[in-house]
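Undergrad: Have a look at this one.
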Amino acid sequence: MDYEKLTVVMRTLALEAGTKIMEIYEADDFEVKTKSDASPVTEADEAADALISAGLRAAFPEVLLVTEEQAATHSESAATFLIVDPLDGTKEFVNRRGDFTVNIALVENGTPTRGVVYAPARKRMFFTLADGSTVEEMGPFGEKPGELKPIRVSTPDNEALMIVASKSHRDQATDDYLAKYKARDMTSAGSSLKFCLVATGEADLYPRVGRTMEWDTAAGHAVLKGAGGDVVRFDDHQPLVYGKEGYANPFFIAYAPGVDLKEA
């Protein structure tokens, strides 16, 4: 894989998709449909998916593309593949809460190694460079990158952790698990932004006790990994791997090394 080319293509497509998404987001009204799994999908999801898919297939025709909005791709598999969630946080989008993201990632041998997470309404963009390290682009978001700020995870204080949890999927099981930690503060965020808050050191720990798919997590996982963090399975703290049948994830924990992970 040409990582230099990939970095440019992923960033460019994320920005273009973000522009398209914001056009629809700022309109007076937009159509919301319901998928077979009862989750919402909007014209923004579909427009962003079409744009990103066309761009990736043109740039990397030899690489398998798996994308949330194209069910036919969910039965395909390869050791190396690109995986896309064109609009993660559709509920945040529909409710106009702003915490939605564009997510594009490269997975190699079970691990997300490169990725971009762009939150157009929040004007925050995180991506991996060709060497695998992660930066936050401070803007302005033009054709060429603006100021790039290298980011690193925190050095956690286990007596006073900063925890981030899901905004739309918080439940009793999550609260029961979080009660095992000593937290100085807790925040909530939507979509893959939670991974990015751990990557920047704004949070130390993000547990997810609930259903996710690999396209929901791969880009955020790559961003966090490039910032020195990690993501493990909730049940046995083994690495979260990708390319699983059906692309469904187990429960997981994203964290900064140094956090004393508690048993489930």
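The values are calculated or read from the model by the stated rules, or taken from the named source; none is laboratory data. Predicted model only: the values in this text are computed from it and were never measured. All Cβ positions, glycine included, derive from the backbone under ideal geometry; neighbour counts span all protein chains shown.
Undergrad: Would you call Asp99 touching a Ser or Thr at 6+ places or on another chain (Cβ under 6 Å) and at pLDDT below 90? Break it down into steps so the answer makes sense when it comes.
TA: Numbers: touching a Ser or Thr at 6+ places or on another chain (Cβ under 6 Å): yes; at pLDDT below 90: yes.
Criteria met by Asp99.
Undergrad: Which count do you get for residues in the stretch 235-264 that are part of a loop (DSSP other than H, G, I, E, B) and over 21 Å from Asp157 (Cα atoms)? It would help to see each step written out before you state the result.
TA: At the first step, the residues of the stretch 235-264 found to be part of a loop (DSSP other than H, G, I, E, B) are 235-238, 240-244, 250-251, 256, 258, 260-264.
In the following step, the residues that additionally are over 21 Å from Asp157 (Cα atoms) were identified as 235-236, 238, 240-244, 250-251.
Total satisfying the criteria: 10.
Undergrad: Which is part of a loop (DSSP other than H, G, I, E, B), surrounded by 24 or more Cβ atoms within 10 Å (Cβ to Cβ), in the same structural domain as His237 (by TED's automatic domain parsing) and not basic (Lys, Arg), of Ala222, Ala203, Ala218? Write out each step before concluding.
TA: On the way: Ala222 fails: part of a loop (DSSP other than H, G, I, E, B); Ala218 fails: part of a loop (DSSP other than H, G, I, E, B).
Exactly one of Ala222, Ala203, Ala218 is part of a loop (DSSP other than H, G, I, E, B), surrounded by 24 or more Cβ atoms within 10 Å (Cβ to Cβ), in the same structural domain as His237 (by TED's automatic domain parsing) and not basic (Lys, Arg), namely Ala203.
Undergrad: Is it the case that the stretch 187-194 has a residue that's surrounded by 15 or more Cβ atoms within 10 Å (Cβ to Cβ), touching a Phe, Trp or Tyr at 6+ places or on another chain (Cβ under 6 Å), modelled with pLDDT under 95 and not in a helix (DSSP H, G or I)?
TA: yes
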